[in-house]
Structures are given as structure tokens and as C-alpha cells.
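Engineer: Quick one: the structure is below, questions incoming.
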Amino acid sequence: MKKAFEVIWKGIKKIVAFPVFWYVVIAFLAYIAWKRLTKPPEELFLEKPLPNSGTGIPVGWKPDPLALKFHDYFVSWFADSTELHMLYNEANSLTDDQFVALVNTYNAKYGKVDGKNLYTRVKGWFGIWFGTGTDQQDKFIQKMILYKLDY
């Protein structure tokens, strides 16, 4: 047993003796510090009040399924742009309260995890590369701006 510890200790001494080891340690610590310092501020994910105090939400309607569909689309590598068009159409047909509830739900459930709220996702690079900039997307963005969800 003592021999095993001596061999392990000898290996650790050799690893620590290389300058590259310390560069990796310093880079790792810098990365951790950078991640903590660049964490999005909490106000990016505050829940906005519903425009009509919730009277525009039908009984039994939940924003969770649609928020999940948006999240699944934005994190997918192989999503079809027609799916995004359908999501925009569905979101644009919602009442004002439903729309704000959708954005609030997306930001609360997925925005904090990803560090990107729904507005950031919609305005992001994904639409530029895959040509999803359409009337539906523009209407969606304008609706977010109207209700001050463009933060």
C-alpha cells in the first residue's frame, strides 16, 4: 500500500512540474470566473404583468406547451424553419395576456438556464443563418416590443 502511494505521489510531482499544468489550472479558474461575472442579470428574467390582468386567458389554457416548443426549436440543431413559422403563427394568434404569459413562462423556465430570454433567441443569429425572418417573426417581435418584453 505504501508503495502505491509513493508511485502516485511521484506521478503527481511530475505532472505539477510541467508549466502546461499550471496554464491549464489558471485557464480553468479564469473560465469559472468569467462564467460567474458574465451571468445575465436577474432583471432579464423578471415576470412582466399581464396587460389585462389575466382576463384574456381562457380557462384551462397553459403557456407551458408552447414555451416548450419554442425552447425545443431553439436548442435543436436540425429544426425545420417551417416549424418556427407555425410557432410564430400560433403565438401571434394568442390574446395579449396569453402572449405575455408565454414570454414570461419561457423566460422563467428556459431563459435562466440558457442565459437567453425569448426576445434574444428570436432576434439571434439563428434567424439570420436559416432565413426565418418573415412577417410572422416581425409581428412577433413587434408584439414583444409593444408589451415591453424586448429586454
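Engineer: Scan the stretch 96-116 for residues that are modelled with pLDDT of 85 or more and either closer than 18 Å to Tyr73 by Cβ or out of contact with any Pro (no Cβ under 8 Å at 6 or more places or on another chain) (or both) and jot them down.
Structural biologist: The answer is Phe99, Leu102, Val103, Thr105, Tyr106, Asn107, Ala108, Lys109, Tyr110.
Engineer: Determine whether the stretch 51-63 contains at least one residue that is closer than 23 Å to Gly115 by Cβ and either surrounded by 10 or more Cβ atoms within 10 Å (Cβ to Cβ) or among the acidic types (Asp, Glu) (or both).
Structural biologist: Taking every residue of the stretch 51-63 in turn, at least one turns out to be closer than 23 Å to Gly115 by Cβ and either surrounded by 10 or more Cβ atoms within 10 Å (Cβ to Cβ) or among the acidic types (Asp, Glu) (or both).
Engineer: A further question follows. Restricted to the stretch 84-125, and to residues that are over 20 Å from Tyr151 (Cβ atoms) and without any contact (Cβ under 8 Å) to a residue 12 or more places away in the chain, which residue is farthest from the chain's Cα centre (by Cα)?
Structural biologist: Ser93
Engineer: Can we say Asp80 is surrounded by 12 or more Cβ atoms within 10 Å (Cβ to Cβ), without any contact (Cβ under 8 Å) to a residue 12 or more places away in the chain and either of a type in the set (Lys, Arg) or over 24 Å from Leu146 (Cβ atoms) (or both)?
Structural biologist: So Asp80 fails the test.
The values are calculated or read from the model by the stated rules, or taken from the named source; none is laboratory data. Quantities reported herein were computed from a predicted structural model and do not represent experimental measurements. With ideal geometry, Cβ positions are generated from the backbone for all residues, glycine too; neighbour counts draw on all protein chains shown.
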